[in-house]
Protein chains: 2
Amino acid sequence: MPKIKKLLILGPGLLGGSLGLAAKRHEIAKEVAIWGRNEESLRFAISIGAADTASLDIANAARDAQIVVFATPTRVFEQLASQVCAYLPKQAVVTDVGSVKLRACEVMDQKFPGRFIGAHPMAGAEKSGITNARAELFENATCILTPTDKHSDYALSEIENFWSSLGCRVVHMSPNEHDLAVAYFSHLPHLLAAALVNSTLPHAPARWKNIPGPGFRDTTRVASGPPQMWSEILTDNRANLASAIAQFLTALEQISSALRNDDPQPLEKLLRSAKQLREEIFLNNTLS
Amino acid sequence: MPKIKKLLILGPGLLGGSLGLAAKRHEIAKEVAIWGRNEESLRFAISIGAADTASLDIANAARDAQIVVFATPTRVFEQLASQVCAYLPKQAVVTDVGSVKLRACEVMDQKFPGRFIGAHPMAGAEKSGITNARAELFENATCILTPTDKHSDYALSEIENFWSSLGCRVVHMSPNEHDLAVAYFSHLPHLLAAALVNSTLPHAPARWKNIPGPGFRDTTRVASGPPQMWSEILTDNRANLASAIAQFLTALEQISSALRNDDPQPLEKLLRSAKQLREEIFLNNTLS
């Protein structure tokens, strides 16, 4: 029997839709409700079984909800939280899926004192929108929870159970530490992939069109992510990202300077270190 | 009936082994012979059916060969060419699989006047060695042929048939143009992937070990390639690579400077351009 009576998802996009599908598959709520501003997306959510009920009306959607997930862009959190707040039961706990946490947690702690736990499920795809939603998106994904000193133990345990029951591996971090870690491992790769595309393809004559192979394709894959969403994410985390870029430039200069050497040995050493470091991470986990 | 009596592969590595397997599968030679310095690799080649005969003796291997493929590191081409030259039938044509062409083609044109056609099959994997050889490695791969003004029409047509019959899509380029194109689309991504790993993983505390997800994994995949081989490739093409790095730094600075802007619009425009350029290449071909 599902423990949660009503789960409310705000925002019928890739993550919101996938959340609904996963919640239904794992039977974690009696009712999965979805709220959004776009009627077509809501209808689609119902048609694929990502929600039992869908509404354009926030008062109606919030009624009796036990868990609320903000799956909209973080820029609308403040306004949306003010609206939903008035209609939400006092016991309801709140989480989100935002990619940058410091500012969002400040806003949400204020709107939902003690009952908000920020979350960042490290799952996504370069194809956005609810039409690409998949029930298995969260299986084995790392979900970073970012409790602050404002949280209640009840909220933390409810939200931790929620993400675990969707198949996520839950870890805890402060919002600050989270934002620094994703600057390195998510935001920097995104920015480099875009820069790699922008520095090569515009200069390529048409007859080179078959030259980019699987290596180039994979190195640049994340650059096919939704530009509006990503420009907001990168801008929201720009201070940490600036440090990450600076460290990247140091490592690139180290390799470039080894490359200017006649002896391939120092370069080989840097490449070997990269291979070893990478394989410590990816050969021993499910991502390899 | 196979048209070629004897195909000789020099170097029982990932590419040499895969070539043998593909040649057997497509029945393009009556005898596939392999030569190498490592007896164990030769034995392995025979055991997986990548060759009919294997030899440590170059005179024996070269006898009656009609097509010879250099699948060794380019650094040994000159010495190996001198050895094989003496035993090779006058009619035999020669090709290779090297990743950098200008210098290699100069050497080989001198050793095999009129009968060498450089080739670069754009196929490979981060796992090297004959134990990772696969018959399908060349299926639908782009193979760049780099004929020079020294080539005979006979050699070009024989070598072009050879690569096509392995399943490759053959294109032609001068050695110079080839080296420039791969600097952008193969060597630059490799170097950036290594720099990304070296600038992030050494600074990550142990508790971040689950943070690098599929995006980081794919962006850095090529950094798991064999370090010695890659340091030689990158060093051999360092002049072109230096230009590619300079252009990359310009594109990166463009993105970094947009990031310093309070308005996410200019950044969004750069990310949108990257997405569009990338999808022109990868959504309309077999790599998507």
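Read-outs throughout are calculated quantities, based only on the coordinates presented, and are distinct from any laboratory measurement. Fair warning: this is a prediction, and the values are worked out from it, not measured in the lab. Backbone-built Cβ (ideal geometry, glycine too); neighbour counts: all protein chains shown.
A simple count of charges around A:Thr142, restricted to other residues whose Cβ falls under 10 Å of its Cβ and scoring Lys, Arg +1 and Asp, Glu -1, yields +2. Quick one: putting +1 on the C-beta of Lys and Arg, -1 on the C-beta of Asp and Glu, what dipole do you get for region A:178-282 around its Cα centre, in Debye to the nearest 20? So the magnitude is around 400 debye.
Contact order normalised by length for region A:4-173, with contacts defined as Cα pairs under 8 Å and 6 or more residues apart; what percent is it? Mind dumping the intermediate values first?
Numbers: 374 pairs, mean separation 40.3, N = 170.
Relative contact order, region A:4-173: 24 percent.
The angle between the Cα long axis of helix A:14-25 and the longest principal axis of the Cα atoms of chain A comes to about 60 degrees, rounded to the nearest 10. Each copy carries a label point for B:Ala59 at 7 Å from Cα along the beta-carbon vector; from one copy to the others these points are 9.9 nm apart, nearest first.
Looking at region B:203-282, which trypsin sites (Lys or Arg not before Pro) are in a loop (DSSP not H, G, I, E or B) and have at most 15 other Cβ atoms within 10 Å? Please list the in-between numbers first.
Values: sites: B:Arg207, B:Lys209, B:Arg217, B:Arg221, B:Arg238, B:Arg260, B:Lys269, B:Arg272, B:Lys275, B:Arg278; in loops: B:Lys209, B:Arg260.
Hits after loop and neighbour filter: B:Lys209, B:Arg260.
Computed about its Cα centre, the charge dipole of chain A is approximately 500 debye, with only Lys, Arg, Asp and Glu carrying charge at their Cβ. Taken along its three principal axes, the alpha carbon spread of region B:178-282 comes to 44, 40, 25 Å, from the longest extent down to the shortest. Against the main long axis of the alpha-carbon atoms of chain A, helix A:188-200 sits at an angle near 50°. In units of the rule-of-thumb radius 2.2 N^0.38 Å, the protein assembly as shown shows an alpha carbon radius of gyration of 1.13. Between copies, the label points at A:Pro89 (set 7 angstrom from Cα along Cα-to-Cβ) are spaced 8.6 nm, reported in nanometres from shortest to longest.
When the Gaussian network model of chain B links Cα atoms closer than 10 Å, the mean-square fluctuations of B:Gln79, B:Gln265, B:Gln66 top out at B:Gln265.
Here B:Lys30 is the anchor, and the lysines within straight C-alpha reach of less than 30 Å, apart from those fewer than 8 places off in the same chain, are B:Lys3, B:Lys5, B:Lys6, B:Lys90, B:Lys101, B:Lys111, B:Lys127, B:Lys150.
When a/c reaches 1.5 or more, the comparison of a/b and b/c decides; with that in mind, is region B:4-173 rounded, prolate or oblate per its Cα gyration tensor? Mind dumping the intermediate values first?
Working: a/c = 1.42, a/b = 1.16, b/c = 1.22.
Rounded shape, in that the Cα axes give a/c under 1.5.
Counting only other chain Cβ atoms within 10 Å of each residue's Cβ, the peptide A:169-178 averages 2. Across every pair of non-identical alpha carbons in chain B, the mean reciprocal distance, once inverted, gives a Kirkwood radius of 20.6 Å. Of all DSSP bridge pairs formed entirely within region A:4-173, close to 15 percent run antiparallel. For chain B, the antiparallel share of DSSP beta bridges with both residues in that region comes to about 15%. Chain A comes nearest to the axis taking it onto chain B at the Cβ of one residue; that residue and its distance, in whole Å, are A:Asp218, 2.
How high is the relative contact order of chain B? Use alpha-carbon pairs under 8 Å, at least six apart in sequence, and give a whole percent.
This gives 15 percent for chain B.
Test of understanding: in a Gaussian network model of chain A with alpha carbons linked when under 10 Å, which of A:Glu40, A:Glu268, A:Glu27 would top the mean-square fluctuation ranking? Highest fluctuation among the options: A:Glu268. Largest mean-square fluctuation among A:Pro205, A:Pro175, A:Pro189, in a Gaussian network model of chain A whose springs join Cα atoms under 10 Å apart, belongs to A:Pro205. With the charge dipole of region A:6-127 set up from +1 on Lys and Arg Cβ and -1 on Asp and Glu Cβ about the Cα centre, the Cα lying farthest toward the positive end among the listed residues A:Leu14, A:Ala29, A:Pro73 is that of A:Ala29. Projecting the Cα atoms of A:Pro147, A:Leu102, A:Met229 onto the charge dipole of chain A, computed from C-beta unit charges around the Cα centre, puts A:Met229 farthest toward the positive end. Cβ screening of chain B for cysteine pairs under 4.7 Å finds these without a partner: B:Cys85, B:Cys105. Helical runs (DSSP H, four residues minimum) scored at -39500 (n - 2.57) apiece and divided by the length of chain A put the mean residue ellipticity at 222 nm at -14500 deg cm²/dmol.
Using a 7 Å projection from Cα along Cα-to-Cβ, the label point at B:Arg37 is separated from the same position in the remaining copies by 6.7 nm, smallest value first.
What trypsin sites (Lys or Arg not before Pro) in region A:1-76 are in a loop by DSSP, with at most 16 other Cβ atoms within 10 Å of the Cβ? Kindly include the intermediate steps, with their values, before the conclusion.
Values: sites: A:Lys3, A:Lys5, A:Lys6, A:Lys24, A:Arg25, A:Lys30, A:Arg37, A:Arg43, A:Arg63, A:Arg75; in loops: A:Lys3, A:Arg37, A:Arg63.
Passing sites in region A:1-76 are A:Lys3, A:Arg37, A:Arg63.
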